[in-house]
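The values are calculated or read from the model by the stated rules, or taken from the named source; none is laboratory data. Just so it is clear, the model here is predicted, and its values are computed rather than measured. Every residue, glycine as well, gets a Cβ built from its backbone with ideal geometry; the counts of neighbours run over all protein chains shown. Just so you know, the surface numbers come from the protein's heavy atoms only, side chains and all, with ligands and any DNA or RNA stripped out. Shrake-Rupley method; radii C 1.70, N 1.55, O 1.52, S 1.80 Å.
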Amino acid sequence: MHELSLSNIDQIISDVRSQEITFSHLPDELIDHICCDVEAEMQRGISFSEAYRLIRQKMGSGRRLKEIQEETLYAVDSKYRKMKKTMKISGVAGTILFGCAALFKIMHWPLAGALMTLGALILALVFMPSALSVLWKETHSRKRLFLFISAFFAALFFIAGILFKVQHWPGAGPVLTLAGISAVLFFIPALLYSGLKDPEKKPKRLLYILGAIGTIFYISGFIFKMQHWPLAAFLMLLG
């Protein structure tokens, strides 16, 4: 009977932990399950690396592990279940209201401002906090906490800035500038760092770096354009 060595088991443990599987005893159960599957594949006379590769393909790398954690949380944690439902409903409702508001604004129909304000409030005060709670519940990663918080504030300032701009309220420029600063200086670098730290994404590191640089230039150009500052077209084109 083919058995895994300690180094083989350590590799599986390291890979499972890298996927941020944190709920209760689930990591241990997944590790045990994967080890059994790999040993079963090795019974066919193939090496550990080949057997482990086959198992990882069946799991879709780490995606299936994260799905299992989400399914487990949804089944046993009522608070997570409520937050997940709140996130989905508020996300759909806020997006629909924003879309209808844009249509009403273009057609010069009444209630465009009210619809946009309501949609912005739902997205900013219901959807994003619930999404932040769900992400934290699924990962419990202090390393990614800065990423989640920076994304929250960048989105919050952006939604508020667009609302203020469309409604011609004072303060739209500074709020949009804060959105751009939050995205360019905090969120995108944090997102890039998170991607570069993932060993599975190593072959795509150059792509992530170029994407981050392009996005930074484009967002900067967008903010410059909204504020009527010089070099806006150049930054957007470069991005």
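Structural remarks
- Nearest-ten-degree value, helix 145-167 long axis tilted from longest Cα axis of the chain: 20 degrees
- Cα-based helix-to-principal-axis angle, 128-139 vs the chain, degrees rounded to 10: 10 degrees
- Degrees between helix 26-42 axis and first principal axis of the chain (Cα, 0 to 90, nearest 10): 50 degrees
- Heavy-atom SASA rank of 49, 194, 141 (probe 1.4 Å, accessible area, largest first): 49, 194, 141
- Residue-by-residue Karplus 3J(HN,Hα) for segment 180-197, coefficients 6.51, -1.76, 1.60, Hz, glycine and proline x: x, 5, 4, 6, 6, 8, 10, 5, 5, x, 5, 5, 5, 4, 4, x, 6, 7
- Cβ-Cβ FRET estimate between residue 227 and residue 106, R0 fixed at 25 Å, reported to 0.05: 0.60
- In terms of overall dimensions, segment 50-142 has a Cα radius of gyration and Dmax of 18.9, 64 angstrom.
- Straight-distance crosslink candidates among aspartates and glutamates, where the alpha carbon sits under 13 Å from residue 143 and sequence neighbours closer than 8 are dropped: 20, 198
- Max mean-square fluctuation residue, GNM over the chain, Cα-Cα springs under 10 Å, options 227, 57, 69: 57
- Charge dipole of segment 20-67 about the Cα centre (unit charges at C-beta), most positive-ward option of 49, 23, 34: 49
- Heavy-atom surface of the chain, accessible at 1.4 Å and reported per residue (Å²): 60 Å²
- Note on residue 225: lysines with a C-alpha under 26 Å away, same-chain residues under 8 apart excluded, are 105, 165.
- Mean separation of Cα contacts under 8 Å (6+ apart) over length of the chain, as relative contact order %: 12 percent
- Radius ratio Rg over Rh of segment 15-97, counting only Cα atoms, Kirkwood formula for Rh: 1.15
- Computed over segment 1-124: relative contact order in percent, which uses C-alpha pairs under 8 Å that are six or more apart: 18 percent
- Under the Debye formula (equal points on every Cα, no solvent term), log10 I(q)/I(0) of segment 1-160 at q = 0.13, 0.16, 0.20 Å⁻¹: -0.75, -0.93, -1.17
- Once backbone amide H atoms are built at 1.01 Å from N, residue 21 has no partners under 5 Å, excluding neighbours fewer than 5 places away on the same chain.
- Computed in the context of the full set of protein chains, the accessible area of segment 1-144 at 1.4 Å probe radius has 61% of its extent on carbon or sulfur.
- Straight-distance crosslink candidates among lysines, where the alpha carbon sits under 20 Å from residue 88 and sequence neighbours closer than 8 are dropped: 66, 79, 137
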